[in-house]
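Read the figures in this text as sums done on the coordinates, not as results from a lab. What you see is a predicted model; the values in this text were computed from it and never measured. Cβ placement follows ideal geometry from the backbone for every residue including glycine, while neighbour counts extend to all protein chains displayed.
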Number of protein chains: 2
Amino acid sequence: MDSMNIKEGRQRAVITAVKPEVEHGRFAIKRIIGDEIVVTADIFTDGHGDVAANLLYRKNGEKNWQSSPMQLMNNDRWIGQFSVLSLGVSVYTIHAWVDYFRTWQKNLEKKFIAGRDILIEIEIGLKWIHDSLQKQHDEELREWFETLQHAKSSNQAVTLAIDQKLYLIMRERYPNRLWVTELGRELPVTVDPPKALFSTWYEVFPRSTSLQSGKHGTFKDCENLIPDLAQMGFDVVYFPPIHPIGLSKRRGKNNSGEGQEADVGSPWAIGAKEGGHQSIHPQLGSMDDFVHLVETAKKYGIDIALDIAYQCSPDHPYLTSHPDWFRWLPDKTIQYAENPPKKYEDIVPFYFETDQWRELWEELRNILLYWIEKGVRIFRVDNPHTKPFPFWEWTITTIKQSYPDVIFLAEAFTRPKVMYWLAKIGFTQSYTYFTWRHTKKELTDYLTELTTTDIVEYFRPNLWTNTPDILTEELQRGGPYIFHIRLILAATLASNYGVYGPAFELMVHQAVTGTEEYMHSEKYEIHHWDRQSRESLKNFFTQINRIRKENIALQSTCHLKFYEIDNDQIIYYGKLHSDLKQSLLILVNLDPFHSQSGNFKIPLEELGMPLKHSYRVHELLFDRHYTWQGETQHVSLNPHHGPARIFKIQQPLRRESDFEYFM
Amino acid sequence: MDSMNIKEGRQRAVITAVKPEVEHGRFAIKRIIGDEIVVTADIFTDGHGDVAANLLYRKNGEKNWQSSPMQLMNNDRWIGQFSVLSLGVSVYTIHAWVDYFRTWQKNLEKKFIAGRDILIEIEIGLKWIHDSLQKQHDEELREWFETLQHAKSSNQAVTLAIDQKLYLIMRERYPNRLWVTELGRELPVTVDPPKALFSTWYEVFPRSTSLQSGKHGTFKDCENLIPDLAQMGFDVVYFPPIHPIGLSKRRGKNNSGEGQEADVGSPWAIGAKEGGHQSIHPQLGSMDDFVHLVETAKKYGIDIALDIAYQCSPDHPYLTSHPDWFRWLPDKTIQYAENPPKKYEDIVPFYFETDQWRELWEELRNILLYWIEKGVRIFRVDNPHTKPFPFWEWTITTIKQSYPDVIFLAEAFTRPKVMYWLAKIGFTQSYTYFTWRHTKKELTDYLTELTTTDIVEYFRPNLWTNTPDILTEELQRGGPYIFHIRLILAATLASNYGVYGPAFELMVHQAVTGTEEYMHSEKYEIHHWDRQSRESLKNFFTQINRIRKENIALQSTCHLKFYEIDNDQIIYYGKLHSDLKQSLLILVNLDPFHSQSGNFKIPLEELGMPLKHSYRVHELLFDRHYTWQGETQHVSLNPHHGPARIFKIQQPLRRESDFEYFM
């Protein structure tokens, strides 16, 4: 009609404010397989009629929708849910309509209660049912019709007419949905494997894994490490690039400008005469060795994660085979990587604005496909924020269409909106600012942002205690207990965490003065790590990771809640779970040098506990059991004897008879 | 490429989180003519390149866009603005791109500062300018080129190359926008006349306007009222329906079930043998009288607002001319209005689900067009929430396409989401829950919701102190000063407010016991109001409305801020304005029976005032001037002597030399 092109003016239901939804359905929410997805929306119509709504869902590409009825909560807010049982993308949407039969039932009841004559109303209902019976043979409905028709009293007629069973027959079998309102868009959900949400990462340089000092480590050496790392509770072992390392402009020890002949170079200077991104640095072993390692690791529940760094050393074969993929300056030299005043002459970036961008994209994706075919399922992507967003969206989307079990971790330490955007366009997990959040306020603010806003729908934080690039001042100066503290925080604040392994395990804290760079960084030389040292945090890792595996509350990142405690050096938070008995209360002393103590409250009501009963408490780090009473408790945390407590509050043990007695 | 259909992989800029925007651009934001619209968005790209962005805007239907550059604020948030200078719908959108020339300038500067060789960079820039010069004759740019080419030193070259003037030439004349990112949707803004935002309503029943007791009022009587109402500061005079009133099932006095012969009936029972929605109740006068009244009122700056009630009395001509527009029951009787257990037998609703809905819609819109042609520009719409939303959206949108100066006030007292939806689909102003918000907390919470959330973009509250349907218990029992209190609140909390005039003016407070209905409601009988009574609030209205007209801070509803005061019976709020000197601070004693006092703080810093100076304060209600010092002040509010204060804080009077002295 007129300029508005209205085809059907009787479409009276409204659907709006749908959650979850990212950018109006432009991007997917993220879940793991088996999750139940809870969808809410404002749904209403004009006037006094009732509305009804269905949540529709299907695996992307399937023809038929499945559907489940939504329920009204309050204030016109409706809720529905469905489970995602296969990997890949599923979609959901909502249909809503004015529910005439329900409206009729409700008005009938109201009129009857008000003492009004309901004869005509019953007649209207009977006609409705009668018309429905013309559509198909339906013995059950016919029986309703006849019983209602022969009701002996108004009372009986109304009781029959408003029956929920009759409603369901009419709703399911005779949907009067002429003028259904459709949401008008399909909202995607990316269904990932469980490790997307719950993973424990250990970063190690393969070349530093030899047990013999001074020898170049190999994949065989790595394989020997696997049982130990599995026993410690790690399930992702991540390698910096394993490809041939360029010789030109090779960096020397401690990132010195000019490498010496004996220097091994940075693994991120990818490509040499031996090959590029689809080759292996000869000293690490053969492709067969690598595949064998991947398979062995899988037997221990460990994924080998590769580093994807889309950049080249000046010796990379691409420079001669595909010069158009790089930027050449007027003096015929190649544009190396730089962020003035910094320059990285051992690295040449791809020129993504080349006219040959299609071929470049295809080739870069082929690199991933190549390693996927070798069994790799997890990639840690180096600096994704310096490559175009459309490239990542295309790469990740199309790869996950064929391999929905692949996980991409974005190593982007950049501005928050860029980091969130990378997560929106497809990265499975993301590095965070956790490394630089030290105080109670900093940690509380940041983790609250990550776990209580819409960000939870698409950004899965992976908290790293350290990386080969980041030895924070806090770790440099905090003494040995800061390592315990940061490990407990990373491992309990989020379900994904990682460590740059040996350096953290051995509490390495010597930095190049005035920087966050490790002294004698592994990035430029081979290390020999004495992991059997008495100083190793091995047992502590084992304990923490076992607690994570045994406690479901630590296996997801949302449902984190910060509580008050009267000491600014102690951070106190709950990892809550819908099964309240599985919830944990965690206290960590952030001061690595001094004992700190404070009074805190157990949120008994929130945990569904009676206020006046005594209750059993299990402290997981010391494996001690207590019987407590009352909300307010006291804690004293000595870094030397244990800077943290993880409490599991147990329901008061009561026999049935106690229940009866108290109720 | 593949399944994603990517045409251009080099479109590297991102535009997201645009504000303002309602339902992803599905609905318009609302502004008045002359407003400056401020648009913000997150805009960024990968890597280290700079982005640039333009805000584009045009009147809906125009071919060419106007455009203005956006500026970076912080954290990747950009801002731009444009003004709307004509009524109707305008649209805006955003384009963003990687700004290569700016990126080059910045890198050049950084490299130069770092002491790096910049020869090649200058060469790159020269080539760029040279290429641009091939495109058109450009003496100015040629001069830049030559000066840069012959620069005598690196220093001079860099100074020239990074010049903002050169940047602007390159940006404006040689936009290198091959791969522009477009927002992808045009966001609408409805530009209304000023009264949409700032209006003062007086509701009066025309039939009660005769100066002679017992006589039926006429439009001529109404015309006599106009100068007085104008002098009191009202600019909208709203009439309940003026159409012929049905005889069948006519309601008696005090809404008694059966009217007597002498009863005049409810004006909302529209339609009789004399005509329907396009006719005038004969006793009110002729169509010429009405048009004359409308024109006279306009001379006084007053709009006559009509009541649009889309419903019929059982005697409405439509029932015989268009029986298909109504719902007929199996016993051949017509479905009257009801909301069980309530029934309204003098009213027949339209059946919007008729197959003839198109014809019905057209006719209902014709009613509006008819009165628009008679000069009416403001409509108060009765119960819009009981008619389909698509009908309103179509009606309002298409009418405003021809008559963008028309204002629709939604009288929907229903659930909040339905009220907000009506505003989204087009209603210019909306009734609110203000009438039922009494305590400081209730008022603060509700007005905060209305003025500080996204709701401000589309929902313009019109605060009514009372209506012919709503005489709140507070007004019934609060004594005379509650009328002062509620009037000040309505008139200062929002820029649109209204009163059911004579009843409020004369502080009528007698209700039908146990209800909010006026005793002897004008809805069912004719009144004679003694508006010259000593009890009349006339002078108070005049004063309050003058203060509203003189103070721009009271002429919009946003920029309302609540402040603390140590007395729960006193509400304290600021009406802030970008011109800080125009801001007002308002204190109202909510207790109509007792004096209340408290200490409060003048937000000097927020008002741009020095903390240590004394300052002049003008209290507008008593027109008194004070000299104060310091933030903390004391107020005592006696309802009898004046339950409120409106303070205008004046900048300390200082001569230029004082400024110099203090700086």
At 10 °C and a viscosity of 1.306 mPa s, what translational diffusion coefficient does Stokes-Einstein give for segment A:97-205, taking Rh as the Kirkwood radius over Cα pairs? Give it in µm²/s as a whole number. 92
Output row for A:GLN134: copy-to-copy label distances, label 7 Å along Cα→C-beta, ascending, in nanometres, one decimal, is 7.7
Over 27 Å (Cα to Cα) - which of A:LYS63/B:LYS387; A:LYS19/B:LYS400; B:LYS441/B:LYS648 fall in this group: A:LYS63/B:LYS387; A:LYS19/B:LYS400
Return the lysines within reach of A:LYS299: Cα separation strictly under 17 angstrom, same-chain partners fewer than 8 residues apart disregarded; answer none if there are no such residues. A:LYS195, A:LYS220, A:LYS374
Specify the inter-centroid distance of segment B:10-72 and segment A:327-359, based on alpha-carbon positions, in whole Å. 32
Whole-angstrom Cα spans of segment B:212-281 along principal axes, big to small: 41, 27, 18
More than 61 angstrom separation, counting every C-alpha pair in the protein assembly as shown; what % is that? 29
How long is segment B:183-229 along each principal axis, judged by its Cα atoms, biggest number first, in Å? 64, 18, 13
Of all the Cα-Cα pairs you can form in segment B:12-79, what percent are over 19 Å apart? 42
Semi-axis lengths, Å, segment A:324-444, gyration tensor of Cα atoms, sqrt of 5 times eigenvalues: 27, 23, 12
How many nm is it between the label spots at A:ASP454 and A:LYS63, if each spot is 7 Å from the Cα in line with the beta carbon? 3.6
Computed over chain B, the relative contact order (Cα-Cα under 8 Å, seq sep at least six) in percent reads 10
So, by mean Cβ neighbours within 10 angstrom, what's the order for B:18-25, B:201-208 with the highest one leading? B:201-208, B:18-25
Across 20 Å bins beginning at 0, the whole-percent shares of Cα-Cα pair distances in chain A come to 16, 40, 28, 13, 3, 0
Shape box of segment B:385-494 [Cα atoms, principal axes, largest first, Å]: 47, 30, 25
Apply the Karplus parameterisation 6.51 cos²θ - 1.76 cosθ + 1.60, with θ equal to phi minus 60°, to every residue of segment A:478-490 and state each ³J(HN,Hα) to the nearest whole Hz, in sequence, with x for glycine and proline. x, x, x, 6, 4, 5, 4, 4, 5, 5, 4, 4, 4
Run lengths n ≥ 4 of DSSP H only: what is the helix-derived mean residue ellipticity at 222 nm for chain B, with -39500 (n - 2.57) per run over all residues, to the nearest 500? -8500 deg cm²/dmol
Inverse mean reciprocal Cα-Cα distance (Kirkwood Rh) of segment A:591-653, Å: 12.6
State, to one decimal in nm and shortest first, how far the label point of A:LYS7 sits from each corresponding label point in the other identical copies (label point: 7 angstrom along Cα-to-Cβ). 2.5
Amide H to amide H, which residues 5 or more places from B:LEU637 or on other chains are under 5 Å from it, using H placed in the peptide plane? B:GLN596, B:SER597
Simple spin-label model, 7 Å along Cα-to-Cβ: B:GLN212 to B:GLN543 in nm? 3.7
Between A:GLU564 and A:GLU146, the FRET efficiency computed from the C-beta separation at R0 = 45 Å comes out, to the nearest 0.05, as 0.10
Considering only DSSP beta bridges with both partners in chain B, what is the antiparallel share in %, to the nearest 5? 70
How do the peptides A:435-441, A:131-137 rank, highest first, by the average count of neighbouring beta carbon atoms within 10 Å per residue? A:435-441, A:131-137
Scattering profile of segment A:452-566 from the Debye formula, Cα beads only, expressed as log10 I(q)/I(0) at q = 0.10, 0.12, 0.20 Å⁻¹, is -0.36, -0.51, -1.14
Smallest Cβ-to-axis distance in chain A, for the rotation taking A to B: which residue, how many Å? A:HIS24, 2
Quick one: 3J(HN,Hα) in Hz for segment A:96-108, Karplus 6.51/-1.76/1.60 with θ = phi - 60°, rounded, Gly and Pro as x. 9, 7, 6, 9, 5, 5, 5, 4, 4, 4, 5, 5, 4
Proximal lysines to A:LYS215, defined as alpha-carbon separation beneath 22 angstrom and excluding residues fewer than eight positions away on the same chain: A:LYS253, A:LYS523
Give the cross-link partners of B:LYS601 among the aspartates and glutamates, using a straight C-alpha distance below 19 Å as the criterion and excluding same-chain residues fewer than 8 apart. B:GLU564, B:ASP566, B:ASP568, B:GLU619, B:GLU631
List the distances, in nm to one decimal, from the label point of A:SER68 to the label points of the same position in every other copy, shortest first, placing each label point 7 Å from Cα along the Cα-to-Cβ direction. 5.1
Tabulate in residue order the Karplus-calculated ³J(HN,Hα) for segment B:521-537, using 6.51 cos²θ - 1.76 cosθ + 1.60 with θ = phi - 60°, rounded to whole Hz; enter x for Gly and Pro. 4, 4, 4, 10, 8, 8, 10, 10, 9, 8, 6, 8, 4, 4, 6, 5, 8
Amide H neighbours of B:PHE44 under 5 Å, counting only residues 5+ apart in sequence or on other chains, H built in-plane at 1.01 Å? B:VAL14
If R0 is 51 Å, what FRET efficiency do you get for B:GLU442 and B:GLN629 from their C-beta distance, rounded to 0.05? 0.90
Amide hydrogen neighbours beyond the local backbone of A:TYR563, cut-off 5 Å, H modeled: A:TYR572, A:TYR573, A:GLY574
Net charge of Cβ neighbours under 12 Å - reference A:ASP591; Lys, Arg +1; Asp, Glu -1: -1
